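Only one structure is covered here, and it is reproduced in the block below.
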Amino acid sequence: MHAKMIAAAVALFVACERPVDQAPPAKLAGVRVVDLIPASLSGETWQDAEPFLALYASNTKLMAASAFTPNPGGSASATAPIYVSDDGGDSWTLRNTLPSQAMTADITHAVGGNPPVLYAGIMKVPGFPLNELKTSDFLSVATMTLQSSRPDIDQPFVRTTDVANADRVYIGLNDFDAPEGRTATVDVSHNGGATYTSRRIETRNTMGQNGPSVRPAVAQDHTVYVAYFGWRSNTGSDVTSDVVVVRDDSGATGATPFRHLLDPSDHLPGRLVATHVTIPWSNAATLGQERIGSTLSIAVDALHSDNVYLAWADRVGTGDIYTVHVRRSTDRGATWSGDLRTLTNATDASLAVSTNGTVGLLYQQVTGSGGTSRWVTRLEQSRDGFATHQDVVLATVPATTPTFQFLPYIGDYNYLLTRGNQFLGIFSANNTPDSTNFPQGVVYQRRVDFPTHRLLDGAGAPVAVSIDPFFFSAPVLP
Amino acid sequence: MHTRSPMLLAVALALPGSAAAQLSRAALVKQSDIIFIGTVTQVHAVAVPEVPASDRTIVVRIDQVLEKPAAVALTPGDSVTVQTVRPGSLKPGTQATFYTTGWIFGRGVAVREVGHELGHSPVVAADQQEAVARARHEVNDAELRAHIRTAAMVVAGRVEQVRPAELTPAPARPKRITEHDPDWQEAIIAVQDAIKGAQAGDRVVVRFPGSSDVAWVGTPRFAVGQEATFLLHKDSTTGSPFAMVAGQSVPAYTALHQVDVLSKADALRVRALIRKP
């Protein structure tokens with residue numbers, strides 16, 4: 001028995017990445033990395049963390065992005081900004097169109113069908129109520145329209161699907177007003193956000209609530225998967241959790257949605273992909289100045305909804321701080337692989353599956369230690385369930401500078417999407433204009449001086465290093 | 001030497017409609033975050049492609065920046081796009097002081113006009129700079145007076161102790177685990193100078209968020225030994241309006257706005273504003 005435990009520990013150790021020893025892979029042709037901060041805000045020094053990205057299917061030039069970027073007008077401003085691009089991500093502008101005082105406390109967004117509509121879920125400042133928002137023209141400077149609002153929620157996560165007559169909108173969120181402490185919820189709209197119905201997806205007892213991350217993913221055949229953390233108990237700040245996936249086969253249009261995937265252990269809705277994992281809930285700078293506890297991502301092959309990938313992070317207990325796991329199901333979530341990827345001291349995992357079945361995995365990992373530690377942002381791609389994968393380093397930046405202004409430092413999440421033969425995504429990182437920090441190259445809109453690695457304001461004076469959002473695109477493995 | 005009173009600095013400004021036409025400079029400043037002296041170079045035009053041209057857009061060359069957020073790159077000689085309040089209100093060659101808010105930030109800056117003040121060419125930049133600064137001072141004083149009026153207590157004092165808050169949750173509302181948890185703390189402040197609603201020597205409990213979460217960024221924090229002037233509001237945020245000091249239940253206060261915590265020297269300014277009719 002003892003020998004088996006040692007063997008298991010050795011196998012686990014071998015399976016885990018050893019990031020310190022890895023050399024950065026070579027530059028990959030066709031990768032773009034663009035700092036979103038526009039030239040006219042060259043003097044900004046804010047911590048633009050927790051970025052998110054939305055793509056317009058009907059116009060590949062149009063994109064919307066967000067981060068914890070404040071209205072440049074100051075803290076009393078009645079609106080908060082989003083970034084928009086009308087040239088496929090080469091350049092970005094900032095527009096104050098969100099009804100939140102200066103900044104949001106959480107934001108995600110997605111684009112509906114035709115005509116293209118941008119839906120956003122925010123936690124509004126002040127008071128932090130959920131605001132479910134919509135605009136039919138995100139290039140407009142008009143404030144987005146409020147469709148629904150309520151208090152006591154966390155981490156709204158917006159996905160949409162294109163239906164002939166009306167958009168379907170799915171907003172995963174942690175609803176503290178849900179009964180019996182089963183707080184994992186999806187707000188579902190089948191009429192373009194005109195009305196929402198809150199669907200409770202937790203069917204088991206919890207420790208009083210679920211984890212904050214509730215992540216929907218939608219396939220073209222209207223299969224909807226939702227991943228969430230089933231928090232069962234806690235000891236101090238360590239939460240014992242199940243990692244759960246529910247599924248609905250008809251776009252959550254039925255009276256009792258998200259009940260199509262049962263677990264064989266108790267025959268309740270919600271497949272238990274992993275049980276009794278330890279979630280280190282830390283609302284303090286814990287991993288490269290970042291807090292941890294809510295990393296979760298799910299992605300479905302849009303054309304083949306049997307094929308779904310899941311990533312989450314927990315503490316394995318082998319000396320790690322936080323470890324990302326990636327698993328796959330090829331039978332609609334009924335059975336799941338073991339770990340396809342196990343990434344030590346990583347967070348912000350985000351998955352996407354391209355139309356040719358290639359899976360992309362974006363994540364951010366701390367390598368090294370102390371003053372030499374670095375945040376390394378990678379995009380991995382695989383055609384064979386991560387038996388082999390292509391690895392691209394998008395950024396490798398100091399993890400100890402700048403000092404955090406607030407948490408999250410780089411974000412409780414980032415985001416990865418796919419369209420055609422491209423992966424497109426967004427992450428936040430230290431913005432020092434140093435080419436060695438961006439092995440694939442980088443384009444700044446804000447004023448910089450690469451030879452001296454300095455940021456400059458409009459008058460040419462040096463500007464302090466801060467956290468910026470970076471858009472990227474990379475060709476999908478053929 | 002500028003000795004004119006603020007009243008004399010109030011000017012008639014170019015604004016749409018008669019009701020708004022007599023807005024004071026302070027009112028314009030209050031609504032503006034980018035203020036500059038500039039000369040109109042084009043009408044029905046834009047300086048950057050990301051802004052759509054219309055009969056309300058003009059291009060203005062910056063002559064002097066009077067106020068702007070630090071992040072905004074704007075220097076003399078730059079061209080900005082201005083969405084005017086009223087079409088046709090400004091002609092090429094006109095110099096004015098523009099009171100604006102940020103609109104679109106891209107390769108260049110586009111702003112929305114709040115109002116403008118026509119200049120006699122050339123506008124005396126130093127005079128305008130001082131006038132705008134004085135108006136901003138008026139605005140800041142007015143905002144502070146409003147906060148003083150709504151404060152239940154205004155004191156100058158010293159933070160003696162900081163401790164985790166002991167809140168009494170309502171039975172139906174268990175504590176939630178969320179990254180936005182304020183992690184309420186309590187500062188015990190010894191009142192040295194009782195300006196409003198307190199007496200010197202009082203001990204006052206002030207609640208503040210200890211969390212580093214983004215939702216609470218910019219909220220004043222307290223540290224033992226800190227001396228300041230505090231504008232305190234009865235705690236209507238935590239759901240637990242009372243706290244314990246030396247075994248006594250006392251009202252709890254908050255100071256969640258940036259102007260609720262001022263320097264100790266600001267006590268004089270606060271007293272003066274209270275006395276001001």
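The values are calculated or read from the model by the stated rules, or taken from the named source; none is laboratory data. Remember, it's a predicted structure, so these values are computed and weren't measured experimentally. Backbone-built Cβ (ideal geometry, glycine too); neighbour counts: all protein chains shown.
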Requested in this report: Take B:SER24 and decide whether it is touching a helix residue (DSSP H, G or I) at 6+ places or on another chain (Cβ under 8 Å) and modelled with pLDDT under 95.
Outcome: yes
Just one listed residue, out of A:THR418, A:THR432, A:THR436, is farther than 28 Å from A:ALA64 by Cβ and of a type in the set (S, T, N, Q), and it is A:THR436
Within the bounds of region A:446-457, is there any residue that is surrounded by fewer than 19 Cβ atoms within 10 Å (Cβ to Cβ), within 14 Å of chain B (Cβ to nearest Cβ) and modelled with pLDDT of 95 or more? yes
Scanning region A:290-338 residue by residue, the ones that are in contact with a Lys or Arg (Cβ under 9 Å, 6 or more places away or on another chain) and among the polar types (S, T, N, Q) total 7
Those residues of region A:390-442 that are among the aliphatic types (A, V, I, L, M), within 13 Å of chain B (Cβ to nearest Cβ) and in a strand (DSSP E or B) come to a total of 1
Expected output for region A:107-120 (first residue surrounded by fewer than 20 Cβ atoms within 10 Å (Cβ to Cβ), partner charged (D, E, K, R), Cβ below 6 Å, 6+ apart or cross-chain) is A:GLY113/A:ASP162; A:GLY113/A:ASP167
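Within region A:367-383, can one find any residue that is at positive phi, at pLDDT 95 or above and surrounded by fewer than 21 Cβ atoms within 10 Å (Cβ to Cβ)?
Taking every residue of region A:367-383 in turn, at least one turns out to be at positive phi, at pLDDT 95 or above and surrounded by fewer than 21 Cβ atoms within 10 Å (Cβ to Cβ).
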Turns out the strands (runs of 3 or more DSSP E) fully within region B:201-270 with at least 3 residues that are over 13 Å from B:GLN185 (Cβ atoms) and in the same structural domain as B:LYS175 (by TED's automatic domain parsing) are B:227-234, B:242-245, B:248-254
- Item | B:GLU138 assigned by TED's automatic domain parsing to the domain that holds B:LEU28, surrounded by fewer than 21 Cβ atoms within 10 Å (Cβ to Cβ) and closer than 30 Å to B:LYS196 by Cβ | yes
- Message: Please determine whether any residue of region B:213-220 is away from chain A (no Cβ under 12 Å) and either within 21 Å of A:ALA284 (Cβ to Cβ) or out of contact with any Gly (no Cβ under 6 Å at 6 or more places or on another chain) (or both).
- Response: yes
Of (1) within 24 Å of A:ILE201 (Cβ to Cβ); (2) crowded, with 23+ Cβ neighbours inside 10 Å; (3) touching a Gly at 6+ places or on another chain (Cβ under 9 Å), A:GLN147 fails just (2)
Restricting region A:399-442 to residues that are among the β-branched types (Val, Ile, Thr) and within 25 Å of A:ALA302 (Cβ to Cβ), the one nearest to the chain's Cα centre (by Cα) turns out to be A:ILE426
Scanning region B:83-105 for residues that are buried (at least 24 other Cβ atoms within 10 Å of the Cβ), in contact (Cβ under 8 Å) with a residue 40 or more places away in the chain and within 14 Å of chain A (Cβ to nearest Cβ) gives B:TYR99, B:THR100, B:GLY102, B:ILE104
Subset of region A:289-347, residues hydroxyl-bearing (Ser, Thr, Tyr), surrounded by fewer than 24 Cβ atoms within 10 Å (Cβ to Cβ) and part of a strand (DSSP E or B), comes to A:SER329, A:THR342, A:THR344
Just one listed residue, out of A:SER148, A:SER66, is more than 22 Å from the chain's Cα centre (by Cα) and small (Gly, Ala, Ser), and it is A:SER148
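Scan region A:121-138 for residues that are surrounded by 18 or more Cβ atoms within 10 Å (Cβ to Cβ) and either within 11 Å of chain B (Cβ to nearest Cβ) or more than 16 Å from B:ALA215 (Cβ to Cβ) (or both) and report the count.
Step one: filter region A:121-138 for residues surrounded by 18 or more Cβ atoms within 10 Å (Cβ to Cβ), giving A:121-125, A:128, A:130-135, A:138.
From what is left, the residues that are either within 11 Å of chain B (Cβ to nearest Cβ) or more than 16 Å from B:ALA215 (Cβ to Cβ) (or both) are A:123-125, A:128, A:132-135, A:138.
Qualifying residue count for the region: 9.
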